[in-house]
Amino acid sequence: MAECNIDHGQDDVKKKLISQEEFLPDELAVKMHIYLKDIRSQEELNDIFHLLKKYDTASEQDREERNEQLRKYVAEIE
C-alpha cells in the first residue's frame, strides 16, 4: 500500500468497512465490526482504512493478502 499522510478517524474506517463488507469474507467483516467497536490507535485506523480502500476492485491475490493483514488485527476475536 502506498503511504498516505491523511489520518482517518474511527467513523471513516467504519464507513469504509460498511462500503466494502459485501466483498469481504463474511467472518472477517463481522470480526472487523467487533474490532472497531473499541477505540483504536491512529496507526491501526490508517492501516485498516487503506487495506479496505478499493478492496472491491482489487485482484483475488491482492484481496487474499489484504485479508491476511486484516486477520492479524482480529485474531483474538472469536
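In whole Å, what three semi-axes, largest first, describe the equivalent ellipsoid of the chain built from its Cα gyration tensor (square root of 5 times each eigenvalue)? Provide the component values of the computation, followed by the final result.
Numbers: eigenvalues 56, 50, 26 Å².
One finds semi-axes of 17, 16, 11 Å for the chain.
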Anchor Lys31: lysines whose Cα lies under 18 Å away (excluding residues fewer than 8 positions away in-chain):
Lys14, Lys15, Lys16, Lys53, Lys72
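Whole number in Å², please: accessible area per residue of region 33-76, 1.4 Å probe, ligands, DNA and RNA not counted. The partial results should precede the final answer.
Details: 2800 Å² over 44 residues.
Dividing the accessible area of region 33-76 by its residue count gives 64 Å².
The values are calculated or read from the model by the stated rules, or taken from the named source; none is laboratory data. Everything quoted here is computed from the prediction, not taken from an experiment. With ligands, DNA and RNA removed, areas are computed over all heavy atoms of the protein, side chains included. Shrake-Rupley method; radii C 1.70, N 1.55, O 1.52, S 1.80 Å.
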